[in-house]
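Have a look at the structure below, then the notes.
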Amino acid sequence: MTLNQFIYRMSRPLGGLKLAKFLSRNHPKILMYHRITEDPKGEGLTADQFRQQVRIIKRDFVPMTLRDLLKAHENGKVPENAVVVTFDDGYADFAEVAFPILEAEGIPATLFVTTGFVNGDIWLWPDQIRYAINHSSIDKLTLAGIDQELSIQGDPITSWNTIADYCLTITNQQKLTLIDALFDQLEVTKPSAPPSSFRPISWAQLADMVKRGLDVGSHSISHPILTKLDEIQLYEELKLSRQTLQRETGHPVDVFCYPNGGQSDFDERVQEKIKQCGYQYAVAAFPSRAPVSDRWCIKRYPVGPSLHMFEKSIFGFSYLAMTS
């Protein structure tokens, strides 16, 4: 147990949440979600877990869209205890499960859309890996570039993590080639379109949610690692995704969300191209003490099903433990 965990567990029953909230009141918390499901065995949070988190936001904080937070920051008027809910990718369960909960509780949100996914041109590569592993009867596997034997049946989670982590280190084309090889070696036929559990929202659903208050930004066309792209590929992922979103929603799009979003997944070259393509901000996938100080690297807290981890992020325990 870390010192931060010990302090959280000891202080929580004694009013520690209120104290941490007060001490972090000028630190806006930007939350990052991906999947919300009605299936307890599905990916991400269950609907009940998400509803519980949303109600805490409604009860104790000042919810706002990312766009409104950034405007408030530029005007020097960020409210105390501001919280922003963001979602990445654009899975169907956002429209079917998450958005109805947000709307019922009056909580605004920002969705970063992978346009090729919503358009039906692709299904997301991490899901392809997960599908291949989950539908194979093969146990032991060795893939080119990965210097260890994988136990597909014995430890599917570690196998997925190992393959996905390796995919982050290679070019987009190498990644696609490796995933095709994975399906072949696991003797699984790859569906041409995302299976039901991995399907995206539709453009009609997105347009309807935008009319009802949803804020949107771009998450690229195909969710590649941007630093692995050449100039033409990078331009297309940034510019065309923005154009598609603006055309389909009828609203301006000025925020970009880095695919994967780690510190090694973007650099100055990528940020300069983002500026050239008309964006005003870019969003990462890790937190910091100053989340909106750099408009080209807006920081977020990843959120999972653990209520304790959620409370640590939103009430400020995580912020108070940070050094940078």
### Message
Taking the alpha-carbon distance from LYS58 and a cut-off under 19 Å, which lysines remain once sequence neighbours fewer than 8 residues away in the same chain are dropped?
### Response
LYS18, LYS21, LYS29, LYS312
### Message
Let me check against my output: what whole-number percent is the relative contact order of the chain, with C-alpha pairs under 8 Å and at least 6 apart?
### Response
21
### Message
What does the C-alpha gyration tensor say about the overall shape of segment 186-324? Classify as rounded when a/c is under 1.5, otherwise prolate if a/b is larger than b/c, or oblate.
### Response
rounded
### Message
Using a 7 Å offset from the Cα along the Cα-to-Cβ direction at both THR171 and ARG25, what is the distance between the two label points in nm, to one decimal?
### Response
5.4
### Residues ARG269, ARG67, sorted so that the one with the fewest Cβ neighbours within 10 Å comes first
ARG269, ARG67
### Task
Among the GluC sites (Glu not before Pro) in segment 61-117, which ones are in a DSSP loop with at most 15 other Cβ atoms within 10 Å of the Cβ? Mind listing them?
GLU80
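Go through LYS41/LYS299; LYS228/LYS299; LYS71/LYS228; LYS140/LYS190 and tell me which ones have a Cα-Cα distance over 26 Å in this structure. Could the numbers behind the result be given before it?
On the way: LYS41/LYS299 29 Å; LYS228/LYS299 22 Å; LYS71/LYS228 32 Å; LYS140/LYS190 19 Å.
From the list (LYS41/LYS299; LYS228/LYS299; LYS71/LYS228; LYS140/LYS190), the Cα-Cα distance tops 26 Å for LYS41/LYS299; LYS71/LYS228.
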### Summary
Of the convex hull drawn through the C-alpha atoms of the chain, the volume per residue in Å³ is 145
### Task
Just name one of ILE56, PHE112, GLY145: the one whose Cα is farthest towards the positive end of the charge dipole of the chain (beta-carbon charges, Lys/Arg +1, Asp/Glu -1).
ILE56
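Tell me, what is the percent relative contact order of segment 125-186, built from C-alpha pairs under 8 Å that lie six or more residues apart?
Once divided by the residue count of segment 125-186, the mean separation gives 42 percent.
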### Extension gain (nm, one decimal) between LEU240 and GLN263, 0.36 nm per residue minus Cα-Cα
5.9 nm
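Cβ neighbours within 10 Å, averaged per peptide: list 151-157, 256-262, 121-127 in order, most packed at the top.
Going from most to least packed, we get 256-262, 121-127, 151-157.
Would you kindly state how much longer the chain becomes between GLU43 and GLU96 on full extension, computed as 0.36 nm times their sequence separation minus their alpha carbon distance, in nm to one decimal? Could you put the intermediate results ahead of the total?
On the way: separation 53, 0.36 × 53 = 19.08 nm, distance 1.44 nm.
Going from the current span to full extension adds 17.6 nm.
Within a 10 angstrom radius of the beta carbon, how do MET209, MET322 rank from fewest other beta carbons to most?
By the 10 Å Cβ count, ascending, the order reads MET322, MET209.
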### Query
So what is the relative contact order of segment 50-172, in percent, for Cα pairs below 8 Å that sit 6 or more residues apart?
19
### Summary
Classified through the alpha carbon gyration tensor (a ≥ b ≥ c as square roots of its eigenvalues; rounded if a/c is under 1.5, else prolate when a/b is larger than b/c, else oblate), segment 125-186 comes out prolate
### Task
Give the shape of segment 162-227 as rounded, prolate or oblate, defined through the alpha-carbon gyration tensor: a ≥ b ≥ c are the square roots of its eigenvalues, a/c under 1.5 means rounded, and otherwise the shape is prolate if a/b is larger than b/c and oblate if not.
oblate
### Query
In the chain, what % of DSSP beta bridges are antiparallel (nearest 5)?
10
#### Entry: Cβ-derived FRET efficiency at R0 41 Å, THR158 paired with GLU103, nearest 0.05
0.60
### Query
What does the helix-only formula give at 222 nm for the chain: each DSSP H stretch with n ≥ 4 adding -39500 (n - 2.57), the total divided by the residues, and the result rounded to the nearest 500 deg cm²/dmol?
-11500 deg cm²/dmol
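All of the numbers you see were taken from the coordinates with simple rules; none came from a lab. None of these values were measured; they are calculated from a predicted model. Please note: Cβ atoms are built from the backbone with ideal geometry, for glycine as well, and neighbour counts cover all protein chains shown.
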